[in-house]
Structure formats: C-alpha cells, structure tokens
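For reference, the structure discussed in these notes is given below.
The values are calculated or read from the model by the stated rules, or taken from the named source; none is laboratory data. Predicted model only: the values in this text are computed from it and were never measured. Cβ placement follows ideal geometry from the backbone for every residue including glycine, while neighbour counts extend to all protein chains displayed. These area figures cover heavy atoms from the full protein model, side chains too; ligands, DNA and RNA do not enter into them. Shrake-Rupley method; radii C 1.70, N 1.55, O 1.52, S 1.80 Å.
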Amino acid sequence: MKPALRTLFVLALGLAAAALPGQGASQGASQGGRTQWSAELVDQLGSLPVMGGGRVKPMLSHAGVSMLMLSNKRSLTLEEGARIQPVDWWLTVALEGDEADQLPIFKVTDVAVIEQIGLSTAGHKKRDSFSYAELEPGLSRLFAEARKLRGTEPDDRSRLQKQTWDLYLRVSHYESIRMAFAWARADFELGDEVLRDRFGGASSVRFSDLLPVAHELVEEYKALGAAGATVETDPHMKALDGVIEFFEFHTGRFDVPFEVIPPDMDHPGPNATPEQKHAWEFWRDPLHLAAVAVRGEPVTERELDVLRALEDFARAEDDGARAAAIARVDELSRAIAEDRGADETRAIGLEVSYLDLNLHWHGIWFFVLAFLFGAASVLVGIAGGSAKGGQILRWFGNGALGVGLAMLVGAVTLRCMIQLRPPITNLYETILFIAAIVVASAAVLEWFHRKGFSLAIGGALGAIAVLGAHRFEFSSGDDTMRPLVAVLDDNFWLATHVTTINIGYAAGMLAAAVAAVTLVIYAGVRLASPRIDPPWFRGLYRSAVTIVYAVTCFGVFFGVVGTILGGVWANDSWGRFWGWDPKENGALMIVLAQLFILHGRLGGHLLKFGQLFWATLTGTIVIFSWFHVNQLGVGLHAYGFSEAVDTAIGIGYWTFGTMAGVGLLGRIIEWTVMAAGEPTGETQSSPPPLPSQTRS
Amino acid sequence: MTDSAKAVAPPSLLAKVGAVLGSYTLCMACLFALFWITLFGTLYQVEESLLASQIKYFESWGVIHELGTFLGVDWKVPLPGGYLIMVVLSINLLIGGVMRVWNRGTRVIGVLIAHLGILLLCVGAWVRLHYAVDGQVQLFEPLPAAQAAGDDGSVDDPATQAQVYLHDHNWELAVIARQPDGSGKEYTFPDPLFADAQPAAEGKNSRVVTLRATTLPLTLEVSHFMRNCVPREAAGTEARSAPALEGLVLAPAVDDPKFRKFPGIYLEIPELEGATKKSIVWGRSVAPWVVRAAGREYLISLRRQRLEMPWNIRLVDFVKEDHPGTGLARRFSSDVVITDAAGSDRDVHISMNNPFRDDGFVVYQSGWGPQEGPVDRYYTVLTVSKNPADLIPWIGVSIIALGLAIHFIMKLARFIRREAARAQRAGATS
C-alpha cells in the first residue's frame, strides 16, 4: 500500500472510531436518580434472540423497535443531556417501572390528543414528549375513547381519532413491557397442608415451581368439584382455586412482547396443517408457555429451564447475576433453536454488529467531509488558486467519499446477509441503496471530470440521503427488516426489477442535483456579468451538461429495463403486464422525462440550458414516483400516509422547483441582454457564444 | 445532371409527411403529452377508480381534463387520450426510430434494436387491450371429511371445481330453459348487445333493444340499462330516470372504487301467455326472474359473463400462512387438479409469482377468503387470463435491454477513447 493511501486509511479508521458510540461502563448503580445498567448486562441482553414482528432478532433490535414505536427515536435524550439506549431503557421499564414512568418516552405530534383525555398540556409544546406518569391520570379516559374507536374503520377516523388510537396502542405496548416480569417476581402462598407437602413443606413457591404440576392441579380441582366439594367446604379445593386464580391472573394477558422460548419440538412435517406449522414456528412468551402447560400440552424440561432462568433474572439483586441469568436463557434458547434445525439464530450476531456499528449513520461525517473538500476545490478553481491545491483538496475529498461509500455499502451488505435478501425489500432500504448508487456514480464522474463538482454533489447527496433514511425510520416507527408479504417474497424479482428501477431513480436524482446546482451557479453568473462568462464557468458548465447527459443515458437504461421488468413481474403475479398502477405510472413518467431530454438533445430542441432545466424538473418526478405515489392511498404500492414523508416530499418539490426557477431567471436575464444588444467590455467586437446557446 | 439541378428537386409529399411523422419534434410532443396524461390519470385514481381512470385517460382517443375551479370558473382543457398518443408514438417510432436509422451503420445498431423492442411491446399492448380476456374463478376447499378421505374426496363437490370463469367486467343476460329431465338449456346475450338500451337523457328518448334467439320462444325487450345501479323503493326515490315497477325503481349507485358495480335493466316480455310481463333484472339479485311459456319454465338473470376453460380445475388444498405472530401473509397457494378434455389429471401447484400456463391460458393465485370471522372452509380466488401476447413482454424487455446496452456501451467506449486522446494531446503539448 502506498504511504499516502495508508495514511488515508488510518485517518478514516480513526475518524470512524471517534464517531462510534462510546460503550458506557455503567455498573447497575444509581446515577443522578437514574439506574445505570452494567455494560455486561446490556450486551448480554442485547444479543439475546427474541421473536417479534414475524422474525427472530436480537433483543437490541427488539427494544429499539419498541422505542421507535413509542418515541420515534432509537434513543432517549434527557434534559440533562444523558442519552438512554434501547436495551438500557427496556431494562428500566421491565425492572424499575416507577423510574421508567418518569421518562418522557411518548412522542405526541399534537397535544390536542392529550387535552382530549382531560389532561393539561401547560408547559408543553404542540409537538412534545410525555412520560407515563404524566399520562396516567388520563388513561381511563384514553381507554374509553379507544373502546369507542375499536369498531370503526381506520380510514374513517379523523386525524385526532387516529392519534388517540395510536396513543392507546403505544401505552398498551409500554404497559406490556412494564408487566413483562410480574409473574417472575410473584410468590404463591401455598394455602393448605396438602399443597405444602407436595412442595416439600415450603410455604410459598415460584411460578416455575407450580408450572410443571399446573395441569395436574387443575385436574385435581375438577375431580373435587365433580365429587361435590366446594371452595367453601373443602380447604384443599380452596387452595387449588387459589392456584387457578394465580395462573389466570398472569396468563390472562398474551400481549407481552417477549417471545423468547423456541418451541422445543420436532418439525411437524411437510403435510402439517398451518396451525401445526404456526405452533412450531411461533416462539413462546413465558406466559404463553404457562397457558400451554395448564392445558396439559407437553412442556419440555429445557423450556422450563428457560422460564426458571428468566425468573432468576427478574429476581436478581445485581447486574452480575442478571447477566448470568440472561446468559443461561441465551444458551438454552440457542440450543433449542439449533436442535429445531430452523437456523433461526443464524444472523443474531450480525444484526447486533449492524446495529452497534451503525455504519451508514457514521458515514454521514465522511460524506460531509467529501462535500466540503469538493466545494473547496471548486472555489479554489474559481478564485484562480493553485491547481496543486485544488488537486490535494480533491484527493482528500475522494478519500472521504470512498470511506463514506464503503461504510454505506457495508451497511447495505450487512442487511443483505442478515435477511438473505437482495439489497431492497422495503422503502427504507431504497433510500440506502439509492444513496450508495448516487455516491458511487458521483465518484466515477469525478474520476472522469476531476473538477471537484461531482465530488461535492456526491458528498452532499450521500449525507442528505442517509439523514433522510434515519428520519424515515423514525417517522415510520417500525422494524426496517420486516418479513416480506407473499407477493414480494421472490428474490429473483427483488434482485432484478427492484434494483434496476432504483438504479434508475438514483440516476434521475443525481442528474437532477447536478443540473439544479449548475442552474443556480449559472443564474449567479448571469446576475454578476450578463454577457461575459468567466473561464472557470465555461468548463464547469460544459462538464455539468456532459454529466447530466451521461447520467440520463445511464438512468434511461435502468429505468426502461426496470420498468418493463416490473411489468413482467406483474404479468407473472397478477396476470397483467401493465395495470396503470400509480407506482408503475411514476416509473413510466421518469422514463418519459428522460427520453424527452435525450430526444430533445438529439433533435436540437434542447440545448445545454434546456437539458439542465428539464433534468432539474425530472428530480421532482423522481420524488413523485419514489415516495409521493405511496402516499396517494390508491394502488398496489400504497403503504399508508405519513406526515413526515409528506413534509419531506414538499421540501424536495420546493427545492428542485426553486432551483429550476432560479435558472430560468438567469436565462431571462441572458435573453433580455441579448435582445437589447448592449455592448459590454471585452465582448464588443465579437462576443463568443454563451455556453447555454451551444450544443454539447 | 448538375449538382444544382439535384438541389432544386423538391421533396415529395410523401417524404414531407414521412419527415413530420418521423420527426424528433413529434416524438417529443408525444412524450410530453403521454407524461401529462399519465400524471393526470394517476391523480384521477385518487378520486375515482382505476378502471374509470383507464377508460378516461389511458384507453381513450381524447379527454377533457378538468383543471379545477379558479376565479369561479371550472377550467377544462382538451387533451389527446393515451390510445391516440400511443398510436402516433408507434408510427413515429416506426418511421423515425426504425426506418430512418435502418441504414445508418453500426453506430446506431443498439438504438435500432431498442426501438424494435419498444415497437414489439406496443404491438403486445395493443393485442392485450383488444384480444385478452381476464376473469376469475372462486373455488372452495374440500369439506373436512373429503380432505380426510384424500385428494379424491372433493371430486363430487361442485363448490371445489369449475370449468368456466367469470369475466372481470362484462355481463350477460342469461335465459335458462328448464328441460323435462331437470337440466337447463342456456341462452346468453352479452352486454354489448343491449348496451344501447339507455334511459332517457336530455334531448334523447329512452331506447329499447329487442333480443331474440332462434329456438327461444321469448322476445326480450331491454330498456334502461344502467352499469352501476341499485333497486330502491320508488316512493322515496326522487329524480328518477327510470319508471317504477311493482313499487321499485332502478337508481344509479354511488361510484365508489371500494365497491363492485352491479348493472341492471328493465325487461319486458310481450305476448307471454296472453299478457306482457315486466320486471327489473339486477346483477346482484339472488334469485332469477322465473317466467313460464309453452309449458316450460325460463330462469332469467343478469350475471357476469361466463367463459369456458379448456379443462376442469378442482381445488384440493388451499394454504395460507402468516409470518409467526403477525397477520402478514407469507404465502398463499392452491393445490389443484387440472382435468383435460381427454379425462387425464394433472396435479398443479399455483402460488403468488408462480402461475400455471397451458393452452393459451394463464391461471394466477390472486386472492382468498373469507378474510373475516371464523373460518371453517377457505376459498381460493384464481385469476384466469387468456392473453395471446402473454410472452411478448419477456421478449420485448430482452430486446430493449440488449439494444440499450449495446448503444450505451458503444457510447461509453467512444467517450473513453476521446478522453484518452485528449489527455494524450495535452501531454504532448506540455
């Protein structure tokens, strides 16, 4: 490796390490009134496999999704600046409920929903966070409102009703976590001698002690009842009645989101019913396991061991013991999972690494650096600075862009390895994939043109896209690796149609960004000197037009092939090649806009300015197709309306529209000056043609 | 002949027309118009249905697009319809994109191939639009007792099998003459035959269409055909466009994309056993209208057009699996037995993205039910399509991809060669 490259590599690693989150060395102690969980416990619990949302994932991901659902964030920042990570928060809610109740975890987009349940919002902003303790006085009213909404169609609800229902779901989710270990901490007082003798004379037993004999005790109760005994006359029957009440109290709730016990059973075989397959696939919550035991269905010793270890975890006095208990749960559940042969825990470690590294998020800093170096090199060129200086700046910028791209590609690759899918399975992943393609394309263009222009745009777009991906994840409040619905469950089409069409989107966005920035510069130049083009501008303008043309060609290829492949997929899935679905139409509109530019260029109808202007407007069409059609609420790709996405779409339209408008203003200035025929400075004798008037 | 003599020879009219039809200007105009039609048609789906949008924007020769209300005026603009644009664009493509570049050498070979591929797609789309027939068939799972008996348990259950499928949009008036042996002889009249039997409109009287069949002893006089209507009590219905009959009147139903449309007609049978019989016949009626003529019963109903399949299709098992702990469908599929005219059986598995193709027909897994309430017996919904252009998209996309790849790779190679030469010249100068 060349010394310069080695230096860059070391610098990049250093920056990456600096950007990674620090691993706090908390020790389960109280700090500032807040419990600090030890790193050992947090790590151990974070890598515990659990089932949630239809897949097995690490607890780190599971807790993160819970946090996203409640607060639209993956961490909680307190007023004093402390930041609580998902597993720490989950531990606090599950084990230190009173303390967790004070944390402002419920994000509310409009405080009207709080006022509706009879609570004051004094001191709160319109969009603010509330703690469970703050909401508690209004919960009975919230649940009453939710009961009224239960029978209504989601589409028929008003905005406030939707928010009320949403808050109800989030409060229920929180309460489920808060009560997740109530069973494990409860002692059951054995009511009579017969029962006490059965448990070796103990006066009280744990949940896990009762469970193996639960069915037997229920049967005994039934037999006594059949023989004419009653709880009033028979003390043993009264004691057994207490056992049944104890189980009913705890197992009556099945919404506890902690499905951590893989069913310890053999695969039911290829001819099994869907119910049998579901019973085999669906990891059990401890209370689900208890219900199974009470019904008299088989519960294995290993499953009971998991339950006992969870009980030890909930009852432990210190983090060391808690971590040891979770390690036992982890060991047992992985052993069961391995024996099932379903390969369910295969990607747990990978997903923990993916979440811990958060590569694409940290890559933003490198994209910002690439933008700064690229922009600086362009400015050096404009100011007539030394070529060597500009070259060095570009060199650093390219390095930063390369590192950022590698981190982004690393993140996308890790997601592919975790899901065993091509890079795109949902809207969130389109953002990461498109960002990677845009940055890679910008790097290739910079290699050809070496002016820092593509570098700056690639860096800026990379940073904006990854930031947008984060905002999208937060606003959706859901797992970004959800399992696929039946129609999408086809890796061939995901790898062909979905990737090609998104490469087409990426090309459209890159061409639009290059064209938009060039138009703004063009307008600035026209305002400064209507008839004279500075030398630096001629080169930049020519390069920009070439870049827009090249990227548009690239986009047309992938857009056309991707769109038609989508039709072929639809032909296989639904029996029609083209159904005028909004998403199909959006893809077609991008292709039409790009073909309009290419044919306009060929026919001489669109000169340089025209190509840049239409390419900029194509950016709005890409936004329409990429996101807006999903918001329309019609067609096969309607994923539900999101206000945050709607705002982002508006910003995108406004940005490209304004930049195109500014460019047009520059063009009007040019026309006006040309029409007036004003002689100016150096161009009196024979003015050279302005770049926008020539064909490339 | 001198050079100047050659120069003054005016182009023929045909050449002029050809130049216009194959011009870049026309191409750009078509692309521009198609873009706006696509956008307007997409947005129209939000307010109206997909089908309404298709008919108004994409399959029409022209459209009056409503821009909205501004300054108290409803602004409208006439635009070419999608069908017209596609026809003109295809001609432009043929003349400008194929014939004009035919002899221009290898430089444009990729463009030529891509244009040929697009033309093929246009032809495929035209064939699909005019000659494809789409419909659905709904089959119930065998009863649990039959399932326990194995695959053959459902052979005698008519709910599990079908040899006809129902057209997606077309309806027919069916008259079934009940035979002495209990069987029925069917007479069917597809809806295009009586589509003109419209109610009275401004400046137009209502029209009556008479339907007859050679061996059918009935004359059917159809009037007031409505594509989307519902029978209502005449007493409470104002602004009626159809007459009241036995206290009922057919009234237009609300056009809501969420609900299926049901047509209705007024049917009159003159001289039927000495009297004229009249009735409303509605597409959603549970029971047919029964009349007697010449000692025989005739069952009359309006139903979705029934189309024959070349085989009998019987559901053996329907599987619907969710991702564990969610309501998210992971897989749904149908195991069916296809029995051809010769009586031989084939076991076929149909699932999402995995249709069954045979004899010009394609059968897709498209739905299932019931989706609510306790389920003791699922049914599967299979889309049946007879599309002569079924494989054209595959061929078209392959040709287009090949053409574009050749063209852009050649362009890239030329660009790289040019850049290298420029760098070499710059090096030599310095």
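In segment B:307-346, what residues drop by 20 Å² or more in accessible surface going from the chain by itself to the full protein assembly, probe 1.4 Å?
Correct list: B:Glu321, B:His323, B:Pro324, B:Gly325, B:Thr326, B:Leu328, B:Ala329, B:Arg330.
Sort out for me the Cα centre separation of segment B:21-50 from segment A:39-60, rounded to whole Å.
Centre-to-centre distance over Cα atoms comes out at 51 Å.
If each DSSP helix of 4+ residues adds -39,500 (n - 2.57) and the sum is divided by the residues in chain A, what number results at 222 nm, nearest 500 deg cm²/dmol?
Rounded to the nearest 500, the figure is -21000 deg cm²/dmol.
Any idea what the dipole of segment B:327-430 comes to, in debye rounded to 20, about its Cα centre with Lys/Arg Cβ at +1 and Asp/Glu Cβ at -1?
Magnitude of the dipole: close to 1320 debye.
Hey, with R₀ at 30 Å, roughly what FRET efficiency would B:Arg425 and A:Ala387 work out to, going by the Cβ-Cβ distance, to 0.05?
Calculated transfer efficiency: 0.95.
Quick check: from the Cα gyration tensor, does the protein assembly as shown come out rounded (a/c under 1.5), prolate or oblate?
Verdict is oblate for the protein assembly as shown.
Rounded if a/c is under 1.5, else prolate if a/b is larger than b/c, else oblate: which is segment A:305-385, with a ≥ b ≥ c the root eigenvalues of its Cα gyration tensor?
Oblate, because a/c is 1.5 or more while a/b does not exceed b/c.
Would you work out which of B:Ala401, B:Gly325, B:Asn228 lies farthest towards the positive end of the dipole of chain B? Charges go on Cβ: Lys and Arg +1, Asp and Glu -1.
The Cα lying farthest towards the positive end belongs to B:Ala401.
In nm, to one decimal, how far is the A:Met674 label point from the A:Arg157 one, both placed 7 Å along Cα→Cβ?
It works out to 5.8 nm between the two label points.
Can you give the relative contact order of segment A:33-188 as a percent, counting alpha carbon pairs under 8 Å and 6+ residues apart?
18 percent
Once both labels are modelled 7 Å past Cα along the beta-carbon direction, what's the B:Ala287-A:Lys126 spacing in nm?
Once both label points are built, they end up 6.1 nm from each other.
Which residues, if any, in segment A:448-494 have at least 50 Å² less accessible area in the whole protein complex than in the isolated chain, probe 1.4 Å?
At a threshold of 50 Å² (probe 1.4 Å), the residues of segment A:448-494 that become less exposed are A:Phe448, A:Ala486.
Can you give me the solvent accessible area of A:Lys583 with a 1.4 Å probe, rounded to the nearest 10 Å²?
Using a 1.4 Å probe on the heavy atoms, I get roughly 30 Å².
In Å², and per residue, what accessible area does segment B:161-219 have when probed at 1.4 Å with the other protein chains present?
Per residue, segment B:161-219 has 58 Å² of solvent-accessible surface.
For an R0 of 35 angstrom, estimate the FRET efficiency from the Cβ-Cβ distance between B:Leu307 and B:Arg232 and round to the nearest 0.05.
With R0 = 35 Å, the Cβ-Cβ based efficiency is 0.65.
With a Förster radius of 45 Å, plug the Cβ-Cβ distance of A:Arg471 and A:His215 into 1/(1 + (r/R0)^6) and report the FRET value to the nearest 0.05.
Efficiency for this residue pair is about 0.30.
Using a 1.4 Å probe on protein heavy atoms only, how many Å² of accessible area do B and A hide from each other, summed over both chains and rounded to 100?
Buried area (both sides, nearest 100 Å²): 5000 Å².
Using a 1.4 Å probe and ignoring any ligands, DNA or RNA, find the accessible area of A:His288 and quote it in Å² to the nearest 10.
Rounded to the nearest 10, the figure is 50 Å².
Considering only protein heavy atoms, with the full assembly of protein chains and a 1.4 angstrom probe, order B:Phe40, B:Phe32 by accessible area, largest first.
Result, largest first: B:Phe32, B:Phe40.
Before anything else, pin down the relative contact order of chain A: Cα pairs under 8 Å, at least 6 apart, normalised by residue count, whole percent.
Dividing the mean separation by the residue count of chain A yields 11 percent.
If you find the alpha carbon centre of segment A:371-398 and of segment A:299-334, how far apart are they in angstrom?
Taking the Cα centre of each part, segment A:371-398 and segment A:299-334 sit 59 Å apart.
Could you do me a favour and compute the accessible area per residue for chain A, 1.4 Å probe, result in Å²?
Per-residue value: 42 Å².
In whole Å, how far is the Cα centre of segment A:113-172 from that of segment B:260-327?
48 Å
Test of understanding: extend the Cα→C-beta vector of B:Ala294 to 7 Å, then name every residue of segment B:213-234 with backbone N under 20 Å from that spot.
B:213-221
Carbon and sulfur: what percent of the protein assembly as shown's accessible surface (1.4 Å probe)?
Answer for the protein assembly as shown: carbon and sulfur cover 59 percent of the accessible area.
Go through A:Asp266, A:Asp330, A:Asp318 and list them by solvent-accessible area, largest first, probe radius 1.4 Å.
A:Asp266, A:Asp318, A:Asp330
Taking 30 Å² as the minimum loss, tell me which residues in segment B:15-52 lose that much accessible area going from the chain by itself to the full protein complex (1.4 Å probe).
B:Tyr24, B:Met28, B:Leu31, B:Phe32, B:Leu34, B:Phe35, B:Thr38, B:Leu39, B:Thr42, B:Gln45, B:Val46
Counting each DSSP H run of 4 or more residues in chain B as -39500 (n - 2.57), what helix-only mean residue ellipticity at 222 nm follows after dividing by all residues, to the nearest 500 deg cm²/dmol?
Calculated at 222 nm, the ellipticity per residue is -9000 deg cm²/dmol.
Going from most exposed to least, what order do B:Glu59, A:Glu145, A:Glu153 have by accessible area with a 1.4 Å probe?
A:Glu153, B:Glu59, A:Glu145
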